[in-house]
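Visitor: Have a look at this one before I ask anything.
The values are calculated or read from the model by the stated rules, or taken from the named source; none is laboratory data. Treat the numbers as computed from the prediction; the structure is a model and nothing was measured. Here the Cβ positions follow ideal geometry from the backbone for every residue, glycine too, while neighbour counts run over all protein chains shown. Each accessible area value is taken on the protein alone, full model and side chains, heavy atoms only, with ligands, DNA and RNA left out. Shrake-Rupley method; radii C 1.70, N 1.55, O 1.52, S 1.80 Å.
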Amino acid sequence: IYFLPALVLATGLLGCKKNFLDREPLGRYTQDDLKAGSFESQIFGVYAGLRAEGVSGVKFIAVHGIRSDDSDKGSSVTDGVDAENFFDNFQYTKDFWLLNDYWGDHYKLIGLANNVIDDIDSIGATDAPTLVNRAEAKFLRAYAYFNLVRAFGEVPLINFKVTNAAQANIAKATVPEIY
């Protein structure tokens with residue numbers, strides 16, 4: 001009779017040590033490591049854009065891998081037949097789901113990078129960490145444009161912060177202009 005309440009009490013008291021649960025993770029950034037509004041936190045958001053399906057997932061593999069035979073469609077005869085016809089047999093259509101997401105996710109990455117670059121330029125910061133963040137944003141934007149040019153050739157060059165949709169409705173730039 002006395003053993004069960006004693007066990008519950010002992011477990012409750014020992015399990016409430018704050019030191020054990022309040023430890024900082026080792027080797028990882030936490031929210032407290034980043035200053036509010038810092039450019040480093042914005043750059044982490046740009047890097048998160050690399051995880052989009054059109055930038056690094058199946059859609060990226062389909063655009064850059066199926067045509068070159070580095071990868072192939074689907075796991076069964078009927079899985080991904082539309083991708084096989086589209087890429088392997090060069091039967092291109094105007095609105096293919098793989099390309100639409102590929103295009104959109106790359107331009108989202110470009111938009112995130114443009115926001116960081118514009119924000120840094122607007123305050124005129126010249127300290128080394130901020131310039132590193134600006135350079136990283138420029139690299140990631142260039143990577144997105146490199147992929148778009150390889151897939152589509154001429155694409156719109158948006159190297160500014162877009163504040164309304166009408167600003168992004170511009171003509172295509174030539175490949176040398178993109179590079």
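Visitor: Just one of (1) in contact with a His (Cβ under 8 Å, 6 or more places away or on another chain); (2) not in a helix (DSSP H, G or I) trips up A144, so point out which.
Guide: Only one criterion is unmet by A144, namely (2).
Visitor: Something else: When only residues in the range 115-133 that are open to solvent by 60 Å² or more (accessible area, probe 1.4 Å) and assigned to a helix (DSSP H, G or I) count, which is farthest from N100 (Cα to Cα)?
Guide: Checking each candidate, the answer is A128.
Visitor: Next up: Would you check which residues across the range 140-179 are out of contact with any Lys or Arg (no Cβ under 8 Å at 6 or more places or on another chain), under 18 Å from G54 (Cα atoms) and not hydroxyl-bearing (S, T, Y) and list them?
Guide: The answer is L140, R141, A142, A144, F146, N147, L148, V149, R150, A151, F152, G153.
Visitor: Suppose we filter the range 134-179 for residues that are of a type in the set (S, T, N, Q), open to solvent by 20 Å² or more (accessible area, probe 1.4 Å) and either touching a Phe, Trp or Tyr at 6+ places or on another chain (Cβ under 6 Å) or in contact (Cβ under 8 Å) with a residue 12 or more places away in the chain (or both); how many remain?
Guide: Residues flagged as of a type in the set (S, T, N, Q), open to solvent by 20 Å² or more (accessible area, probe 1.4 Å) and either touching a Phe, Trp or Tyr at 6+ places or on another chain (Cβ under 6 Å) or in contact (Cβ under 8 Å) with a residue 12 or more places away in the chain (or both) within the range 134-179 amount to 2.
Visitor: Next question, about the same structure. Only residues that are touching a Leu at 6+ places or on another chain (Cβ under 8 Å) and aliphatic (A, V, I, L, M): list them for the range 138-157, please.
Guide: Within the range 138-157, L140, A144, A151, V155 meet the criteria.
Visitor: On to the next question. Right, R51: under 30 Å from I123 (Cα atoms), modelled with pLDDT of 75 or more, open to solvent by 100 Å² or more (accessible area, probe 1.4 Å) and out of contact with any His (no Cβ under 7 Å at 6 or more places or on another chain) or not?
Guide: Considered against the rule, which asks whether it is under 30 Å from I123 (Cα atoms), modelled with pLDDT of 75 or more, open to solvent by 100 Å² or more (accessible area, probe 1.4 Å) and out of contact with any His (no Cβ under 7 Å at 6 or more places or on another chain), R51 comes out as yes.
Visitor: Checking the structure you have, find out if any residue of the range 4-18 is modelled with pLDDT of 75 or more, out of contact with any helix residue (DSSP H, G or I) (no Cβ under 6 Å at 6 or more places or on another chain) and open to solvent by 100 Å² or more (accessible area, probe 1.4 Å).
Guide: Among the residues of the range 4-18, at least one is modelled with pLDDT of 75 or more, out of contact with any helix residue (DSSP H, G or I) (no Cβ under 6 Å at 6 or more places or on another chain) and open to solvent by 100 Å² or more (accessible area, probe 1.4 Å), which makes the answer yes.
Visitor: Given the criterion closer than 19 Å to F44 by Cβ, aromatic (F, W, Y) and out of contact with any Asp or Glu (no Cβ under 7 Å at 6 or more places or on another chain), identify the matching residue among F152, F146, F139.
Guide: So the residue among F152, F146, F139 that is closer than 19 Å to F44 by Cβ, aromatic (F, W, Y) and out of contact with any Asp or Glu (no Cβ under 7 Å at 6 or more places or on another chain) is F139.
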